[in-house]
Amino acid sequence: MMVVVVDILSWASFIVGGFFLFVGSLGMVRLVDFWARLHAASIIDSAGVGLILLGMMLQGGLSLVTAKLALIVLFLFITGPTASHAVANAAFMSGSRPHDMVEDVTAETPPKKTPSKSKKTKTASAAKAPKAATAAKSSKTTRKKS
Amino acid sequence: MDHHLILRVITKILVAPILLYGLYVQFHGDFGPGGGFQAGVIFAVGFILYGIVFGLRRLRQIFPDYVVHRLVALGVLIYAGTGIVNMALGGNFLDYNVLAEKGYQGQHWGIIAVELGVGVTVFGVMMAIFYSFAGRPPSLDDKEW
């Protein structure tokens, strides 16, 4: 009886996880712009893989395999969102915005429109500037040497 | 690098488990899946992750170039030295049976020593490759993206 219940639960999580995998990969192909596609990809990372690993843990029972799978789940839940964040951060810093965004309310970071900046970024950029200047100098000197 | 706060925090969390897992793969290599090659790469990945996020300069403070280059040679020295020791004890080259009184114990010790040599060399080569790629002057500044 217990075996049947565990089997049903694990198969349910396999099927739901596979559904999320399918939805995520379909979204990565079909959605409109980079940000929506990144959202679909992170669904695969968390919901799809998480549910499939949960199904495997139910099949494994109380054993060393389950402990290893739990560790995999833990590290995937740490690294997956971090990787998505790194990709999104790089795209945001390079000036990519959602395609139907009317007004740019996130004007802190992009360096292109200078007058609408807040105080914080001004000080940050002022603090950054001498470092950049020294870096440029050092790179010039190395180029001269080479 | 001000906008990489999350990456820095996650890297600080992850570097220690990666190194621990590298050691596990290294010393588990004679019982199950694993061994020197994989352990060297995993161990190097921990440091390479640190170098990518915190900068090559701070990584070079931990492992200067000459240390990395000598690690590459040291691993080969451990590998070949194990074989020479076997020859000195009366066996063939890499004939582990002479290392201990019982043959299988000698094979155990010999394989651990050889895998350690392989791991050290692979670690050094991965770090050297990363240094030579990441040490080039950047073509784009962080702001110009």
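The values are calculated or read from the model by the stated rules, or taken from the named source; none is laboratory data. Bear in mind the structure is a predicted one, so any value in this text is a computation, not a measurement. Virtual Cβ from ideal backbone geometry, glycine too; neighbours counted across all protein chains shown.
Note down all Cβ pairs under 8 Å where the first residue falls in region A:4-31 and is surrounded by fewer than 13 Cβ atoms within 10 Å (Cβ to Cβ), the second is in a helix (DSSP H, G or I) and among the small types (Gly, Ala, Ser), and they're at least six residues apart or on different chains.
The qualifying pairs are A:Leu26/A:Ala40.
From the list B:Leu94, B:Leu77, B:Leu20, B:Leu71, which residue is at pLDDT below 90 and among the aliphatic types (A, V, I, L, M)?
B:Leu94 is the lone residue from the list that is at pLDDT below 90 and among the aliphatic types (A, V, I, L, M).
Report, ordered by the first and then the second residue, all pairs with beta carbons closer than 6 Å, sequence separation of six or more or different chains, a first member in region B:112-123 that is under 10 Å from B:Val72 (Cα atoms), and a second member that is among the polar types (S, T, N, Q) and part of a helix (DSSP H, G or I).
Note: pairs meeting the criteria are B:Gly119/B:Gln26.
So in region B:1-31, with the set limited to residues that are in contact (Cβ under 8 Å) with a residue 12 or more places away in the chain and more than 18 Å from the chain's Cα centre (by Cα), which one is nearest to B:Leu71 (Cα to Cα)?
Among those residues, the one meeting the criterion is B:Thr11.
From the list B:Gly46, B:Gly34, B:Gly117, B:Gly124, exactly one residue is at pLDDT below 90, surrounded by 17 or more Cβ atoms within 10 Å (Cβ to Cβ) and within 15 Å of the chain's Cα centre (by Cα). Which is it?
Going through B:Gly46, B:Gly34, B:Gly117, B:Gly124 in turn, just one is at pLDDT below 90, surrounded by 17 or more Cβ atoms within 10 Å (Cβ to Cβ) and within 15 Å of the chain's Cα centre (by Cα): B:Gly34.
Is it true that B:Lys102 is charged (D, E, K, R) and modelled with pLDDT of 90 or more?
Spelling it out, it is not the case that B:Lys102 is charged (D, E, K, R) and modelled with pLDDT of 90 or more.
Working only within region B:89-107, note down all residues that are closer than 18 Å to B:Leu77 by Cβ and exposed (fewer than 10 other Cβ atoms within 10 Å of the Cβ).
Listed by number, the list is empty, since nothing qualifies.
Is it the case that some residue within region B:66-74 is over 30 Å from A:Gly95 (Cβ atoms), of a type in the set (Ser, Thr, Tyr), surrounded by 14 or more Cβ atoms within 10 Å (Cβ to Cβ) and free of Cβ contacts under 8 Å to residues at least 40 places away in the same chain?
The answer is no, given that none of the residues of region B:66-74 is over 30 Å from A:Gly95 (Cβ atoms), of a type in the set (Ser, Thr, Tyr), surrounded by 14 or more Cβ atoms within 10 Å (Cβ to Cβ) and free of Cβ contacts under 8 Å to residues at least 40 places away in the same chain.
Wholly within region A:1-89, which helices (runs of 4 or more DSSP H) include no fewer than the required count, namely at least 2 residues that are more than 15 Å from the chain's Cα centre (by Cα)?
Here the list reads A:2-30, A:49-60.
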